[in-house]
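A short worksheet on the structure shown next.
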Amino acid sequence: MTTNDLKEFFNEHLVPKKLYKIGGEHKNRICIEQVSDGWDVFFKDKKQKIGLMHFGDEHSACDVMMNEIRKLMESVYGITWARTL
């Protein structure tokens, strides 16, 4: 999975854009960002990256971000998509 696949998946599953940012940082969102030595997934709270997770490959980072968004949607909205294995 790539970040483009992730964007498409979130659009198809009606994930509110206010929950995530793909390809950068945005306050109060779960973000995925390419860095010099891999990919970072984190929650951006004002100026800090909270829960920073670093991955060497895009696929692993996308999988983790998808799971984090799934858990957030379930917690906040009480709905989500079926979990993939």
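The values are calculated or read from the model by the stated rules, or taken from the named source; none is laboratory data. Nothing here was measured: the structure is a model prediction, and the numbers come from that model. Reconstructed Cβ throughout: ideal geometry from the backbone, glycine too, with neighbour counts over all protein chains shown. What goes into the accessible areas is simple: the full protein's heavy atoms, side chains included, and nothing from ligands, DNA or RNA. Shrake-Rupley method; radii C 1.70, N 1.55, O 1.52, S 1.80 Å.
Okay, residues lined up against (1) among the hydroxyl-bearing types (Ser, Thr, Tyr); (2) not in a loop (DSSP other than H, G, I, E, B):
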site	(1), (2)
Asn4	no, yes
Phe10	no, yes
Cys31	no, yes
Gln34	no, yes
Gly51	no, yes
His54	no, yes
Ile69	no, yes
Ser75	yes, yes
Ile79	no, no
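Looking only at the stretch 51-77, count how many residues are open to solvent by 60 Å² or more (accessible area, probe 1.4 Å) and either modelled with pLDDT under 95 or touching a Leu at 6+ places or on another chain (Cβ under 7 Å) (or both).
Residues that pass the stated criteria total 5.
On the basis of being open to solvent by less than 80 Å² (accessible area, probe 1.4 Å), of a type outside the set (A, V, I, L, M, F, W, C) and in contact with a Cys (Cβ under 8 Å, 6 or more places away or on another chain), does Thr2 make the cut?
Values: open to solvent by less than 80 Å² (accessible area, probe 1.4 Å): yes; of a type outside the set (A, V, I, L, M, F, W, C): yes; in contact with a Cys (Cβ under 8 Å, 6 or more places away or on another chain): yes.
Judged against the criteria, Thr2 is a match.
Might you let me know whether the stretch 40-47 holds any residue that is β-branched (Val, Ile, Thr) and surrounded by fewer than 17 Cβ atoms within 10 Å (Cβ to Cβ)? Steps first, please.
Applying the first criterion (β-branched (Val, Ile, Thr)) to the stretch 40-47 yields 41.
Narrowing the set further to residues that are surrounded by fewer than 17 Cβ atoms within 10 Å (Cβ to Cβ) leaves none.
No; the residues of the stretch 40-47 include none that is β-branched (Val, Ile, Thr) and surrounded by fewer than 17 Cβ atoms within 10 Å (Cβ to Cβ).
List, please: which pairs have Cβ atoms under 6 Å, are six or more places apart or on different chains, and start with a residue in the stretch 44-65 that is within 19 Å of Glu8 (Cα to Cα) and end with one that is at pLDDT 95 or above and in a helix (DSSP H, G or I)?
Cys62/Leu6
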